[in-house]
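What follows is a single structure, written as C-alpha cells, with notes after it.
The values are calculated or read from the model by the stated rules, or taken from the named source; none is laboratory data. Bear in mind the structure is a predicted one, so any value in this text is a computation, not a measurement. Cβ placement follows ideal geometry from the backbone for every residue including glycine, while neighbour counts extend to all protein chains displayed. Side chains included, ligands, DNA and RNA excluded: accessible areas come from the protein's heavy atoms. Shrake-Rupley method; radii C 1.70, N 1.55, O 1.52, S 1.80 Å.
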Amino acid sequence: MIAELGAFALLLAFVLSLAQFGLSAAGRIRRDAGLRGAGEGASVGAFIASATAFFALMYAFVTSDFSVSNVAANSHSDQPLLYRVAATWGSHEGSMLLWCMALSGFGMAVAVFGKGLPTTLKPLVLASQGALGGLFMAYTAFASNPFVRLATPPVEGAALNPILQDPFMAIHPPFLYTGYVGFSVVFSFAVAALIEGRVDAAWARWVRPWTLAAWSFLTVGITLGSFWAYYELGWGGWWFWDPVENASFMPWLAGTALLHSAIVTEKRGALPGWTVFLALTAFTFSMLGAFLVRSGVLTSVHAFAVDPTRGVLLLTILGIAAGSGFALFAWRAPSLKAGGLFAPISREGALVVNNLFLAGALATVALGTLYPLIRQAMTGEAISVGAPFFALTFGPLMALCLLVLPFGPLLSWKRGDLLGAAQRLFVAAGASLLVGLAWLLVVQPGKGFSAIGVVLGIWLVVGSLTELFVRARVGVVGSGEAWRRLTNLPRGTWGMTLAHIGLGVFVLGAVVETSGRIEAAQALTVGQSLQVGAYTLTLKGVEAVQGPNYTADRGTLLVTGPHGPGGAMTPERRFYPVNRQATSQVAIDAKGPSDLYVVLGEQRTGGQPSWLIRAYWNPWARLIFGGPLLMALGGLISLSDRRLRIAAGARARARLAGEVAA
Amino acid sequence: MGVPPSILFWPAAATLAGLAALLMLWFGARAAKRAATVDVDDPARAVYRRQLQDLDELVERGVLPAEERETARAEAARRLLAEPTKAPERSGSRLWPLIAAAGAALAALGLYLWLGTPGMADRPYRARIAEWKATPVNRLQPDQMAAVLRELVKDKPNDPKLLALLGRVERAAGDPVAAMEALRRATVLQPDNADLYAALGEAMAAAAGNKPTPDAESALNKALVIDPNNQAALYYLGGARAADGDGVGASKLWRRLAALLPDNDVRRGPLLATADQVEKGQAAAPASAAPDASAVSGDQAGFIRGMVASLKARLDASPNDPAGWARLVRSYRVLGDKPAEAAALARARTLFKDRPNDLGPIEAEAK
C-alpha cells in the first residue's frame, strides 16, 4: 500500500507542478489574486506529494520490499539500516525523486516565505519553478519511475554498491542536491525578472538568501564528496578533476560569481544583465551536472544514446529549460535599465574583476570536462583531460583571483582608493612574503609553486582579517572601543570574512598536502615495519572480522612517532559477498591538521604471509576540508544576518513608535 | 484481524489529493481576501526603506564611515522615490481554483490508473520470510529456503548443522560465495567434519569459476586427512589434479573413489573410464558419474532434489524465466544428473533461441 501510495503521490506531485505553473502564470497575466494564491497552494501540495513519494520509497528500502524493482536493484536485506535509507537516493531513479522533492520544496519555500515579494514577481517565480518541477517530475514518473513493481519479486536484492556504503556518501547527495536545486529558485527569479523587465537592487536583495543557501549547501556537498573520495577510494588524493567532480564544481563556480555580482546589483543597482545571466548559468550548470552524472554519458558517450529514456530525455529537459531562459535573456536583457555608475578602482570594479576570473575559471573547467565528450562523440576517439590541463589553466586564473581578493572589501563603493587599500594590506603582504620566503628556503627548498601557494593562502587569511580590523579600527581607537565595533559588525561582514578566511585555509591545505605528501608502500609480514615521514608503522597482526554484510581482514599497525609510541591504526580490507566486491577501509590518524593514512592491501601468497601496506603522510590535509566548511559557515552566517536585521529593524521601529507615543 | 493494508490505499490517496485541493482553495481564498482588503504597497519600497534603516543602524553602531553613509543614503532614497507605490491586483474568481483543484486530483487518479499497479500490496522482506517459513519445504525454491535459513542462522549463529545446511542450500541456489562463507563458519565450529571441508572445497572452486584454487585444494586435503575415504573430497580433488594437468594424480584419486563405490553403482564405470583417459593425458573433464550427491547425506540430498523438482515443475508451468532455467541447469550439474542437465539445456535453447542475452547465462552454467 505504501509503495502504491508513493506511485500515486509522485503522479499527483507532477500534476500539481503543472497546476502551479498554469495557475501562477494565469494569476500574473490576469492580475487575479485567487489564481495566484491557488498556484501557491499547488506548490505546497506538490511538495507534500513529492515528499510523500520520497518517504514511501524510503519505506520500501527500509523494509526491503523487493517487489519495488528499484529496491530489488539497489538494496539487500543484510544492508545496515543507514545504507538501506541511503540507498533511497543511491540509484538513478531515487536520486531523481530526491531532485524533484528538492525542486518542489524550494517552490513551496518561495510560496510560504516569500511574503514580501511583489504580487507581480512572485507568481512568475512560482510559474517558472512549477514548469521546472513539471519537466523533471514528468521525466521521473514516465521515464525513470522508482515505483515500478515486480509481480514476482526476487528473493534478495542486488545490494547497493559497497563503495557507496559509507556514512559520508550517505549524507553527501542530499547536501549536493539541495545545493544544485537551490539554484533553480535563482533561475526562476531570473526568468521572472526578465519577463517583468525589472532587475534592480530590490530584486537582488530577494535573490540573495536563495543564492547564499544554495551555495552553502553545494559547498558542504562538494566537500563531503571530496572527503569521501579521500578516505574511501584509498588513493590518498582528494580531488581528481574527474567529470563527476567537475559536474558539481561548475555550478559552484557560477554560484560564487553570482553571489558576488548580486552584491553589486543589490548595493548599486549595477550589472543587472550580468547578474541575471549568472543566475541562469548557475542552474544550467546544475542541470548539466545532473545530465553528466545521471545519463551514463561519462561511462561511454555512445551508451547514453542507446537508452533514450535517460540521456536524451535529460538533454532535452536541459535544452528546454536553459534554452528558454537564455532565449528570454537575449530578448529582454537589452531593455534592462543599467544601474549606478562606478570607477574602475572601486568595490564594484574589484567584484567585476572577481567575476571575470571566476567566469574564466568556469569556462576552463567546462572545456576540460566537455571537450573529451564532444570529441569522443564526433570522432570516436577517447581522450582524457586530467590534472595537468587544469593546473595550467584553472590554476593561474584562480591564483590571480585570490591575489586581487583582499583588495575588494577594502575599496569603497563607486570610487576606491587603491593606494590606501594597498597600505592597509601592508602587513598581510609582508607576512605572506616572509612565510613564502621561509618556505622556499627552509621548508621545501626549490619548490616555487608550493611557495606561491603558501603566500596566497597566508595573504588571503591575513588580508581578510585586515579588512575586519580596519572596519573595527583596531589600533586606531582604544581596545575596548575596537572590541565594541568588532562585535557590532553586521553578520554579513563576519560571514564574508569567514568565507574568505576559509578559502585561504583551503588553499594552504591544498598546496601543503599536494606538495608535501609522503607515500610509502611495502609488503609487511607480522612484526615488520614501514617508515613514512616521521612515523614508523609496525604490523602487529591481521585478523578476520565479521561485519553486518561483509567479512574483513583487519590489520593492526602500531604507530611510533617522534614523541614515542602513539597508539594503533586498524585499516580493513572488506569483502562484500553479495556484490563480490572488495573495498578498502582506510585508517586515518589525525595528527593536528595533518593525517597519517594507512591502507591494507591484499595478502601476498607464497612463503610467510605478508600484506601490502600503503601509508601516506598528508600534511595539513584537514585544512582542505575544514576550509570549505568555514566558507559554508560564512555563507550561513550571512544568511542569518538578513533575518536578524529585519528583526532589528522591526525593533527599531517599535522603539521609535514608543518614543513618539511618549 | 482487521483491514488488509492494501484496502487503505484508496482512503490514503484520497486524503493526499484532498489535502492538495484544500491547500489550493485555501491559499487562493486567502490571497483573494487580502487583495480585496489590504492596501498593497510595492514590496520594493520596503526593501529600500530597510536599506535606509540599515545604514542608520550601522552608523549608530559606529561601523560605517559617514561619507559612505551619505552617498548610500542618497542612492537608496532615490530608488525609494522612483518606485511606483502600488501594484493593483483584483481578488478574482473562486471558480477557477476549484476547477483546478478538482482537475488536479482527477488527473493524478487517471495517470495512476494508467501507470500504477492498483491493489498491489507491499511485500516487505520480513513478511515474505514468515510466509516461506510457513510453507512446506518441498514447495520452496532453493533461494527462498536459503533466505529462511539465513534468518535462522541469525538467531543461532553457532549452530554448525544449520550453517552446513545453509551452505549447501546456497550452493544449490547458485551462490557459491555465500555457500563458501556459511561452510567456512561451519568448519570453524566443527573442525573434525570431513564432509564440511569437502563441500567447502567444492564451493571455493565454484566461487573461483570452477577452477581449483590453493584454498579449495587445502580444504579438500583437510577433508581427506580427517577421513581418507571421503568420497566427495576424493572426487573433487581428483578434478583439481586433472585441471592442474596432473593426470596420474587425478586418476589415482578417482580409482580410490571407484574402489569405495559398490559394484553395482552406475557411476563406477564412467568414473574408471575417465580415470583411464586422464591417465593417458586425454581428457581433463570429470566423468558424469559425479558423486556430488553422495557428499550430501540422505536427508539433505532428498531435500535438495525436492527443491530442484519443484523448480522444474514451476518452469514447466511458466517457462519464461531465464534465471530459473540457469538455476535448474546448475542444480542438475551440482546433483551430477547429466541427462537431466542436457534435457534442461536443450529446452532452454529452444525457448530462448531468439534471445541471446537470456540464453548466455544459461549456456555459461552448462560449461
Zero-based 20 Å bins, Cα pair distances in the protein assembly as shown, whole percents = 11, 34, 33, 17, 5, 0
Of the accessible area of the range A:1-102, computed with a 1.4 Å probe and all protein chains kept, carbon and sulfur make up a percent value of 73
Got a sec to turn the phi values of the range A:129-146 into Karplus ³J(HN,Hα) couplings, 6.51 cos²θ - 1.76 cosθ + 1.60 with θ = phi - 60°, whole Hz, x for Gly and Pro?
-> 5, x, 5, 4, x, x, 4, 6, 6, 4, 4, 5, 6, 9, 10, 8, 6, x
Accessible area that becomes buried as B packs against A, both chains, 1.4 Å probe, Å², nearest 100 = 6400
With every protein chain in place, the residues of the range A:134-159 shedding 20 Å² or more of accessible area versus the chain by itself (probe 1.4 Å) are A:Phe142, A:Arg149, A:Pro153, A:Val155, A:Glu156
Could you give the spread of the C-alpha atoms of the range A:425-516 along their three principal axes, from largest to smallest, in whole angstroms?
-> 45, 23, 15
With labels modelled as points extended 7 Å from the Cα through the Cβ direction, what inter-label distance (nm, one decimal) is found for A:Leu400 paired with A:Ala523?
-> 5.2
Relative to the first principal axis of the alpha-carbon coordinates of chain B, what is the inclination of helix B:176-189, with its axis defined by its Cα atoms, in degrees from 0 to 90 and to the nearest 10?
-> 70
For the range A:49-87, list whatever residues lose no less than 10 Å² of accessible surface once every protein chain is in place, relative to that chain by itself, with the probe at 1.4 Å.
-> A:Thr52, A:Tyr59, A:Thr63, A:Ser64, A:Asp65, A:Phe66, A:Ser67, A:Ser77, A:Asp78
Label model pair A:Val545, B:Leu95: point-to-point distance (7 angstrom along the Cα→beta-carbon line) in nm is 7.1
Report the Stokes-Einstein translational diffusion coefficient (µm² s⁻¹, integer) for chain B, Rh taken as the Kirkwood radius over Cα pairs, at 37 °C with viscosity 0.692 mPa s.
-> 120
Does anyone have the angle between helix B:9-37 and the longest principal axis of chain B? Alpha-carbon axes, 0 to 90°, nearest 10?
-> 20
Contour minus Cα-Cα span, A:Ala387 to A:Ser335, at 0.36 nm per residue, comes to 14.5 nm
1.4 Å probe accessible area per residue over the range A:21-126, in Å² | 24
Heavy-atom accessible area of the range A:166-408 with neighbours in place, 1.4 angstrom probe: carbon+sulfur share in percent works out to 76
Any lysines with Cα under 27 Å of the A:Lys115 Cα? List them, leaving off those in the same chain fewer than 8 positions away.
-> A:Lys267, A:Lys337, B:Lys33, B:Lys86
Could you please put A:Asp417, A:Asp32, B:Asp354, B:Asp265 in sequence from largest to smallest accessible area, using a 1.4 Å probe?
-> B:Asp354, A:Asp417, B:Asp265, A:Asp32
By a straight-distance test (C-alpha under 26 Å), which lysines pair with B:Lys338 as possible cross-link partners, with residues fewer than eight away in the same chain excluded?
-> B:Lys211, B:Lys252, B:Lys280, B:Lys312, B:Lys353, B:Lys367
Per residue solvent-accessible surface (Å²) - chain B, probe of 1.4 Å = 50
When the label point is put 7 Å from the Cα of B:Ala82 along its Cα-to-beta-carbon vector, which residues of the range A:199-217 have a backbone N closer than 19 Å?
-> A:199-207
Euclidean distance of C-alpha centroids, the range A:151-218 and the range A:387-414, integer Å = 27
Within the accessible area of chain B, what % is carbon and sulfur when the probe is 1.4 Å and the other protein chains stay in place?
-> 59
In debye to the nearest 20, how big a dipole does chain A give about its Cα centre with +1 on each Lys and Arg Cβ and -1 on each Asp and Glu Cβ?
-> 2260
Relative to the longest principal axis of the C-alpha atoms of chain B, give the angle of the C-alpha long axis of helix B:160-172, reported between 0 and 90° and rounded to the nearest 10°.
-> 80
The relative contact order of chain A, taking Cα pairs under 8 Å that sit 6 or more residues apart, comes to a percentage of 11
Please give the per residue accessible area of the range A:166-408, computed with a probe of 1.4 Å over protein heavy atoms only, in Å².
-> 35
Which of the aspartates and glutamates could a cross-linker bridge to B:Lys161, judged by Cα under 12 Å and excluding same-chain residues fewer than eight apart?
-> B:Asp195
